[in-house]
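Let me begin by presenting the structure, written as C-alpha cells, before commenting on it.
The values are calculated or read from the model by the stated rules, or taken from the named source; none is laboratory data. In this text the structure is predicted, and so the values were computed from the model without any measurement. Backbone-built Cβ (ideal geometry, glycine too); neighbour counts: all protein chains shown.
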C-alpha cells in the first residue's frame, strides 16, 4: 500500500487503480509468468514498452520490471502520460486495449477503495514498526537452527519458519539484560505485574495498535525527554526572516494473458538463475527472474560463501544495533547532547519515541532460555490479541529485501547522491526523512523545531509533508512543531503541535501566508497541492482561511490568517476522548481471520538481483 500510494501521489493516479492493475496482472507479484504476448514483471509490461516507460524508482541504477517499486511507479508514469488525471478510463484502456479490462480495473479499484481509512492507518502503523529487541535475537526454536545446519549443503540452505495462527504471542530469545525497545512512537498505557505476564509494559502507537512486552527482567524508572525550550512568536519570525510535459504513450503497456501457474519454489528459481543464458547487450542484466521472497529464513552459518550469497549477508548486516549505555543511547537513538535532555518517570501516559528503552530481558530459568514474550493487539475497540509472527516477519523482510531503496546504500545521500522524486520521498523511513528535512536548503525551520526533529518527536507523516512540499517546488517555512506550542496559539504554534502530528507553515517560497490567501494565491497553490496526498498520507485537517468544495478535510479559521496548519490525528495523544474511544475498524473475529489469512498467503516474488529485462539507467534520469 505505501508503494501504490507514493506512486499515485507523484503521478496523480488513484492508488487503488495501481493496486487493481497489480492484482489483475500478477496477483500482487505472486504469479510472475510471462504472458502469452510476452509481457513481464509485476505490472506485466511488454519489453518494448518497458524500454520506453520503465523507470528506476528505488535508486539502484537499473529499471527492472520485476522490482515492485520500479514496476508500480512505471505503471503510474504511463497512466499519467495517458491522461489519467483527465480521463481515467481512457488511460486504463491505453494500458491494455480491452474494454473488459477497463471495467475490471475500475471495479476492483472501487472495492479496494472501500477499505476503511482507519484500517489502512492501522496496517500502515504495523508496517512501520521496528524489531522490539535491540540485540542479537531469534524467535525460532533450536531445532530449526539445527535443521538449517544439517541442510546447509542442500538445495535450500534457508529454512522457512512457519507461523502458528493460534498463537497470541511470540517468545523472542536474546541474552540476559538485552534492551527491549519501543517498536514505534507511542504512549505507554500500562506498567505492571501479573502472574500470567510477569513484569510487563503496554505501548500504543499513533494508529492505535497496542504492543505488550511481557516477562521483562526490569523496567527503567526514568526515560529521556528533550528539555522544554521557551520560544516566542517574535523569535520564530526572526529565525524565519529571509532576504515539462510528457508526450502520451503510443503503444499499450501490456497484452496477453498469463498461465495460471503457482509461484516458483526457492529451489526452482535458483535453478532458473543458474541455467539462464547471458546476453551480450550492454544495457541489460544477464540474470533471469530472481529468487522469490519466502518467510523468515535462518542460516546456521551465514558467513559461509553459499549462505552469504543466498541471503546470509543480509542476516549479518541486519543484526540489530546493540544499545549498551546511556551515552550510546542518547546519541544514536535520540540524537541529543547531554545538555538537551532530562529524565522523567516512565509511567502510564508517558510519550516515547521509537527506539526508547522500555526494559531488559530477564535471566533464563532451567526449562526456558532468556526471552521476551511479545504480543500485539491491533487498533479498534475490543480488538483481540493476534499472532505477532507475520508482523515480526514483515519488519525483518521489508528491511532484508530493501524493497524501497537500493540494497545496502542510500542513493539520496553521500557521494553520487541524486535528488529523490516525490514518490521516493514518501517511501523514506522516518530516520531518512529526519536527515533530509534538516539538510534541505529549501526548508526553513525555527531552531527548537529542528531539535524536535532531531529528537524524533515529529510524526513521520509530518516530515513527509514538509519534504513533499519542498520536492513540489513549494518551499515551506516551518513555524510550528512541538516546541513552543500553546493552547491559545499565542506563539503562532497550535496546541496540536504538542503531539508531534501537526505542522504550521508561515510562508511558501518566502512569500508569507499572511496577506496572501484566496484563489490563485501562494497559499491556495500549497493547499491544493496538499489535497493531492492519498491514502494514509492524506492529512486529517488542512487549516487556513479557505475551504474547498468536496474536500471535507479543509477548514477555514479566522486565527489562521498567518499560517497553514497540516494535522494528522494521533490516537494516543492528549485527547482523552480519542484515547478512550478508538474507532473499531474490524470486529474481534475479523482481526483473527485477517491475520491468519496474512500468515497463509504466499509471499510475492521480490528480486534480490536484476532480471534479464532490467535496463541500466542514468542517475537522476527521472
Practice prompt. Please go through the stretch 7-33 and pick out each residue that is within 18 Å of residue 252 (Cβ to Cβ), over 18 Å from the mean Cα position of the chain (by Cα) and buried (at least 24 other Cβ atoms within 10 Å of the Cβ).
Written response: 13, 17, 21, 25, 26
Worksheet entry | Residue that is surrounded by 15 or more Cβ atoms within 10 Å (Cβ to Cβ) and at pLDDT below 80, where the choices are 599, 611, 544 | 599
Discussion item. For the stretch 349-356, check the following and say yes or no: at least one residue is part of a strand (DSSP E or B), at pLDDT 90 or above and surrounded by 18 or more Cβ atoms within 10 Å (Cβ to Cβ).
Written reply: no
Worksheet item: Given the conditions (1) buried (at least 24 other Cβ atoms within 10 Å of the Cβ); (2) closer than 25 Å to residue 546 by Cβ; (3) at pLDDT below 90, which single one is not true for residue 489?
Response: (1)
Fill in: Subset of the stretch 525-536 that is assigned to a helix (DSSP H, G or I) and touching a helix residue (DSSP H, G or I) at 6+ places or on another chain (Cβ under 6 Å) - its residue that is nearest to residue 124 (Cα to Cα)
536
Worksheet item: Taking helices (runs of 4 or more DSSP H) that fall entirely within the stretch 365-457, which contain at least 2 residues that are modelled with pLDDT under 75 and surrounded by fewer than 22 Cβ atoms within 10 Å (Cβ to Cβ)?
Response: 389-401
Item to complete: Would you point out which residue out of 96, 184 is buried (at least 17 other Cβ atoms within 10 Å of the Cβ), at pLDDT 80 or above and within 30 Å of residue 249 (Cα to Cα)?
Response: 96
Practice prompt. Could you please find all residues in the stretch 107-134 being at pLDDT 80 or above and crowded, with 20+ Cβ neighbours inside 10 Å?
Written response: 109, 132, 133, 134
Worksheet item: Condition test on residue 176, is it under 29 Å from the mean Cα position of the chain (by Cα) and surrounded by fewer than 18 Cβ atoms within 10 Å (Cβ to Cβ)?
Response: no
Worksheet item: Residue check: is residue 151 at pLDDT below 75 and farther than 23 Å from residue 595 by Cβ?
Response: yes
Worksheet item: Hey, does the stretch 570-592 have a residue that's modelled with pLDDT of 90 or more and in a loop (DSSP other than H, G, I, E, B)?
Response: no
Fill in: Count of residues meeting criterion [surrounded by fewer than 24 Cβ atoms within 10 Å (Cβ to Cβ) and closer than 12 Å to residue 348 by Cα] in the stretch 202-216
2
